[in-house]
Amino acid sequence: MAFEGAKLYFGYNPDEAVIEFREVTVESAALRARGTARAWLQGMETGFPTGLVAQVALSDLRADPLGLFETPVTFQSGAMDLKLTLDPFRLSVGQFVLVDETGRRISAGGTASADADGWDLALDVALDAVAHDRLIALWPLALVPRTREWISENVTTGELFDVRAAVRLAPRTEPRMSLAYEFRGAEVRVLKTLPPVQDGSGYATIEGNTHTLVVGRGHVVAPNGEPVDMAGSVMTVPDIEQKPAPVEIVLRTSSTISAALSLLDEPPFHIMQKAGRGIDIAEGQARAEARLKLTLAPKLRPEDVDYSVVAELSGVRSDKVVPGREVLSDALDLRADRQGMTLSGPGTLSGVPFRMAWRQEFGPAQRGRSRLDGTVELSPRFLTAFKIGLPPGMVQGEGIANITIDLAPDAPPAFRLQSDLNRVVLSIPEIGWGKPAAQTGTLDVSGRLGTPPVIDALRLEAPGLSASGSVALEADGALEAVKLTRAQFGDWFDGKMELRSRGRGRVPAVVVTGGSADLRRAEFGSSGGGGGDSPPIQVTLDRLTVSETIALTRLRGDFSSRGGFSGRFTGLVNGEAEVSGTVAPTRGTGRTGVRMQSQDAGAVFRATGIFSRAGWGDGSGADPARRRQGQL
């Protein structure tokens, strides 16, 4: 080492074998040092020392070996205790303390030895507290340079304390280093694409080739301006020597839902951009854990980052998951990865209890498209909330339905609802049909949740009833008509019919538009009676069976269920003779009586088979020239 000057003042006491260095001064570009020392020589009984024990006191130290440090390091004072043996060569430092201008201390100790194979070094260093910049200045450039560079770039400002470092060198092996430190008031950047952790505290370790950093406290400011607590986040580099080094990051966050989504919409996640939705999709609180695997490559492509996110959402409110429908939940689970995002849990949808799983796939073709699957309460409350204006009393009880809602941009949500109708009471008194709560069946409804909703398809299967068709609603959601293109009631009706609205709160009119019925088994009006709102019943039938031998075809009639089934009709007896008539309850029997009349009695008798050759006349045997049409 070249030097500009040196001073050495010492004295030797042969009786005690002690060398007293009263002043030691070295001046050079690489080292400036001043101090005193005392050395006790060992083995002098042989005439030549075999070693020594020394104490050194430094009053000034400045070190700047070429290429060792980024900037010169200086200390105001220091002390060292050491022991040196010459054969074999071994240097042991029991204590080495340096104090800088701020009064902070660096302490070290270790051993160094040499033999034919080379040097063996063990050095342990401790710092009570040090500023970030000071640590970097004291860190030799060639000692685990990648770790030094990462800490220099990503742990900025703040104070590091309780710093412990160890270096081990051995012949024919790579240098090994361990480092542990705590930090506070620091700005820590866990991932370059995310905002830095502010006012961070925690600890970090380097053991072998593994670097681990744990954030005990700190927050980031999300892109939407809200704080996100990052306590518990961990970054691990399994092998700091690998190029590029792999990194495993666990981000643990606590914030509002919008702040968490704002953070997760940054690179490399972009989860809301991929979903085609905004970060304001829901209100509430979120506790999230995001796990990332990537490398410290200069440039990262999205496909180079693997991640998964699990979050617990609480106090959730949203009118954007299902547009126009308010979702409320005390607790929902969110999961996301490179393939998509899922939101699941219990809650209410427009005030109706549900348990759902909302799935958003990622990819250009899926932007803005998602699906909600789950179960929902099937009850009058459901019909009211979704503005499905079925007749009052038609649906009672509380059952469970499976519901699927497909969401797409610029289109009303499409839905499908299916239920076994358990615990649901159904009633259509106008046709004498009902289902108690204990019976099951099948309900399958599909349509769109617009304003008003649109029900394109309806299928209902239950004991005594099989029907399919659609439901038309008014602009305000009130019922316009239930249109059944196929309806079967028990074994007495098979045809088409509609339930047409007569205004809110009124029982709808029944309009039969075709099919066949058997009057012998009919249950029209079986639940009627009394003075309540009795709807009109218009009937158009292809065939009405009256008895074993009599049927009416092309039947047209207007009826009422007030006090029992009654009304007037016209038709053809067995397809031949035109008749008109009335129906009315038969007193005391509970059955329906039919009275028919015709202007052509003979045609009626021939059609029924009562008289096969019935002709004109009134049965008096009068001259044919005076015959006139008979009446029935």
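Taking the conditions (1) crowded, with 20+ Cβ neighbours inside 10 Å; (2) over 23 Å from Lys293 (Cα atoms) in turn, His211 satisfies each one other than (2).
A quick yes/no check of all residues on (1) touching a Lys or Arg at 6+ places or on another chain (Cβ under 6 Å); (2) in the same structural domain as Met235 (by the TED database); (3) open to solvent by 30 Å² or more (accessible area, probe 1.4 Å):
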| position | (1), (2), (3) |
| --- | --- |
| Glu70 | no, no, yes |
| Ala79 | no, no, yes |
| Leu84 | no, no, yes |
| Gly118 | no, no, no |
| Ala122 | yes, no, no |
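Residues in the stretch 269-291 that are open to solvent by less than 20 Å² (accessible area, probe 1.4 Å) and more than 13 Å from Ala311 (Cα to Cα): 6 in all.
Determine if the stretch 366-375 includes at least one residue that is at pLDDT 90 or above, over 21 Å from Pro412 (Cβ atoms) and in a strand (DSSP E or B). Yes, because at least one residue in the stretch 366-375 is at pLDDT 90 or above, over 21 Å from Pro412 (Cβ atoms) and in a strand (DSSP E or B).
Here Gln488, Gln418 are screened, and the one residue that is of a type in the set (S, T, N, Q) and either touching a residue at least 24 places away in the same chain (Cβ under 8 Å) or assigned to a loop (DSSP other than H, G, I, E, B) (or both) is Gln418. What do you reckon, is Pro175 closer than 20 Å to Val125 by Cα and either small (Gly, Ala, Ser) or open to solvent by 20 Å² or more (accessible area, probe 1.4 Å) (or both)? Yes. With the condition kept exactly as written, say whether any residue in the stretch 171-179 is under 29 Å from the mean Cα position of the chain (by Cα) and modelled with pLDDT under 95. Within the stretch 171-179, not a single residue is under 29 Å from the mean Cα position of the chain (by Cα) and modelled with pLDDT under 95. Pick out the one residue from Thr253, Thr236 that is part of a strand (DSSP E or B), over 30 Å from Ala414 (Cβ atoms), open to solvent by less than 30 Å² (accessible area, probe 1.4 Å) and polar (S, T, N, Q). Only one candidate qualifies: Thr253. Among the residues making up the stretch 130-168, a single one is open to solvent by 10 Å² or more (accessible area, probe 1.4 Å), under 27 Å from Trp119 (Cβ atoms) and in contact with a Phe, Trp or Tyr (Cβ under 6 Å, 6 or more places away or on another chain): Arg148.
Would the stretch 442-458 turn up any residue that is small (Gly, Ala, Ser), buried (at least 20 other Cβ atoms within 10 Å of the Cβ) and either assigned to a strand (DSSP E or B) or out of contact with any Leu (no Cβ under 7 Å at 6 or more places or on another chain) (or both)? Yes: the stretch 442-458 contains one or more residues that are small (Gly, Ala, Ser), buried (at least 20 other Cβ atoms within 10 Å of the Cβ) and either assigned to a strand (DSSP E or B) or out of contact with any Leu (no Cβ under 7 Å at 6 or more places or on another chain) (or both). Would you please name the residue that is surrounded by the fewest Cβ atoms within 10 Å (Cβ to Cβ), looking only at residues in the stretch 185-201 that are out of contact with any Ser or Thr (no Cβ under 9 Å at 6 or more places or on another chain) and part of a strand (DSSP E or B)? Looking at the filtered set, the residue picked out is Asp199. Just a yes or no: is a residue in the stretch 41-58 surrounded by 14 or more Cβ atoms within 10 Å (Cβ to Cβ) and closer than 21 Å to Ile136 by Cβ? Checked the stretch 41-58: no residue is surrounded by 14 or more Cβ atoms within 10 Å (Cβ to Cβ) and closer than 21 Å to Ile136 by Cβ.
When the criteria are applied in full, Ala437 meets the requirement of being part of a loop (DSSP other than H, G, I, E, B) and over 21 Å from Pro508 (Cα atoms).
When the stretch 33-63 is examined, which residues are found to be closer than 17 Å to Glu101 by Cα and modelled with pLDDT of 85 or more? Of everything in the stretch 33-63, those that are closer than 17 Å to Glu101 by Cα and modelled with pLDDT of 85 or more turn out to be Ala33, Arg34, Gly35, Ala57, Leu58, Ser59, Asp60, Leu61, Arg62.
Of the residues making up the stretch 398-414, one or more are open to solvent by less than 20 Å² (accessible area, probe 1.4 Å) and touching a Gly at 6+ places or on another chain (Cβ under 7 Å). Within the stretch 427-442, is even one residue within 20 Å of Leu349 (Cβ to Cβ) and in contact (Cβ under 8 Å) with a residue 60 or more places away in the chain? No. Filter the stretch 96-105 down to residues that are open to solvent by less than 80 Å² (accessible area, probe 1.4 Å) and either part of a strand (DSSP E or B) or at pLDDT 90 or above (or both) and give me whichever is nearest to Ala54 (Cα to Cα). Top of the filtered list is Phe96. Filtering the stretch 265-284 to residues that are hydrophobic (A, V, I, L, M, F, W, C) and in a loop (DSSP other than H, G, I, E, B) leaves Phe269, Ile279, Ile281, Ala282.
The values are calculated or read from the model by the stated rules, or taken from the named source; none is laboratory data. Keep in mind that what you see is a predicted model, and the values were worked out from it rather than measured. Cβ atoms come from the backbone with ideal geometry, glycine included; neighbour counts cover every protein chain shown. Ligands, DNA and RNA are stripped out before the accessible areas are found, and what is left, the full protein with its side chains, is counted by its heavy atoms. Shrake-Rupley method; radii C 1.70, N 1.55, O 1.52, S 1.80 Å.
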